[in-house]
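Trainee: Handing you this structure, nothing more for now.
The values are calculated or read from the model by the stated rules, or taken from the named source; none is laboratory data. Predicted model only: the values in this text are computed from it and were never measured. Positions of Cβ are generated from backbone atoms using ideal geometry, with glycine treated the same way; all protein chains shown enter the neighbour counts. Note: areas computed on protein heavy atoms with side chains; ligands, DNA, RNA excluded. Shrake-Rupley method; radii C 1.70, N 1.55, O 1.52, S 1.80 Å.
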Number of protein chains: 2
Amino acid sequence: MKNNVKVQRAIHNLTQQDLAGRIGVSRQTINALEAGKYVPSTVLALKLAKLFEKDVTEIFELEPTD
Amino acid sequence: MKNNVKVQRAIHNLTQQDLAGRIGVSRQTINALEAGKYVPSTVLALKLAKLFEKDVTEIFELEPTD
DNA sequence: ACAAAATGTAAAGTTTATTTGTCATATTGG
DNA sequence: CCAATATGACAAATAAACTTTACATTTTGT
């Protein structure tokens with residue numbers, strides 16, 4: 001799983017804190033997510049996609065190892 | 001999180017076992033997923049969407065409580 | 001009706017997501 | 001330059017996803 005949350009967040013000019021608050025997770029979750037440290041839940045993915053007005057697949061991409 | 005995996009599976013005429021095998025999870029995971037017992041990971045959601053050739057949002061829908 | 005296949009469900013265990021707390025470093029604005 | 005804000009990172013704890021095993025019920029095909 002790759003994601004480009006960091007880029008989307010930059011586009012929308014939000015801090016990790018802001019973003020975390022808007023979708024109801026902790027800042028560390030956003031930080032670790034951007035660092036590719038884990039795969040988020042579908043709820044989280046859908047909320048991010050909705051907030052960024054993007055398709056889920058435009059933010060999250062399956063990798064061969066998934 | 002609502003989902004219509006059961007419907008998609010019916011459309012594609014797959015058993016829970018088949019589907020589980022194709023996306024690499026256990027049958028019980030599919031069963032529980034269809035029963036709405038938990039929120040799947042984004043990897044699982046993306047794999048299902050890919051297999052069913054649907055948008056993730058056509059299979060999974062956020063609910064007000066999410 | 002019978003047997004096989006499919007589904008529902010549940011408990012126990014393992015792995016992974018997410019939180020909370022904390023600290024160090026970097027970046028930004030006055 | 002200084003102070004505030006933002007980011008990176010880590011560890012311990014909790015919650016939730018997912019597996020395995022197992023069994024009961026339902027559905028399907030002959």
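Trainee: Could you tell me how many of the residues in region A:26-47 are more than 19 Å from B:Leu44 (Cβ to Cβ) and more than 11 Å from the chain's Cα centre (by Cα)? First the steps, then the outcome.
Mentor: Going residue by residue through region A:26-47, those that are more than 19 Å from B:Leu44 (Cβ to Cβ) are A:26-28, A:30-32, A:34-35.
If we keep only those that are more than 11 Å from the chain's Cα centre (by Cα) as well, we get A:26-28.
Number of matching residues: 3.
Trainee: Can you pull out the residues in region A:1-11 that are within 13 Å of DNA strand C (Cβ to nearest atom) and of a type in the set (A, V, I, L, M, F, W, C)?
Mentor: Hits for region A:1-11 are A:Met1, A:Val5, A:Ala10.
Trainee: For the subset of region A:32-46 comprising residues that are open to solvent by 10 Å² or more (accessible area, probe 1.4 Å), under 15 Å from A:Ala20 (Cβ atoms) and facing chain B (nearest Cβ under 8 Å), which member is nearest to DNA strand D (Cβ to nearest atom)?
Mentor: Among those residues, the one meeting the criterion is A:Ser41.
Trainee: Right, next: Residues B:Leu19, B:Leu33, B:Leu44, B:Leu14: which one is within 9 Å of DNA strand C (Cβ to nearest atom) and assigned to a helix (DSSP H, G or I)? It would help to see each step written out before you state the result.
Mentor: Numbers: B:Leu33 fails: within 9 Å of DNA strand C (Cβ to nearest atom); B:Leu44 fails: within 9 Å of DNA strand C (Cβ to nearest atom); B:Leu14 fails: assigned to a helix (DSSP H, G or I).
Only one candidate passes the filter, namely B:Leu19.
Trainee: Quick check on my filter: what residues within region A:21-31 are surrounded by 15 or more Cβ atoms within 10 Å (Cβ to Cβ) and more than 14 Å from A:Lys6 (Cα to Cα)?
Mentor: Across region A:21-31, the qualifying residues are A:Ile23, A:Val25.
Trainee: Condition check: away from every other protein chain (no Cβ under 11 Å) and surrounded by fewer than 19 Cβ atoms within 10 Å (Cβ to Cβ). Does B:Gln17 satisfy that?
Mentor: Yes: the conditions hold for B:Gln17.
Trainee: Would you mind telling me which numbered condition in (1) within 27 Å of A:Lys54 (Cβ to Cβ); (2) within 12 Å of DNA strand C (Cβ to nearest atom) B:Gln28 fails?
Mentor: (1)
Trainee: From the set of residues in region B:47-56 that are open to solvent by 60 Å² or more (accessible area, probe 1.4 Å) and part of a loop (DSSP other than H, G, I, E, B), which is nearest to A:Pro64 (Cα to Cα)? Even if it seems obvious, please write down each step before you answer.
Mentor: Initial filter on region B:47-56 (open to solvent by 60 Å² or more (accessible area, probe 1.4 Å)): B:50, B:53-54.
Subsequent filtering for residues that are part of a loop (DSSP other than H, G, I, E, B) retains B:53-54.
Numbers: B:Glu53: 18, B:Lys54: 20 Å.
By that ranking, first place goes to B:Glu53.
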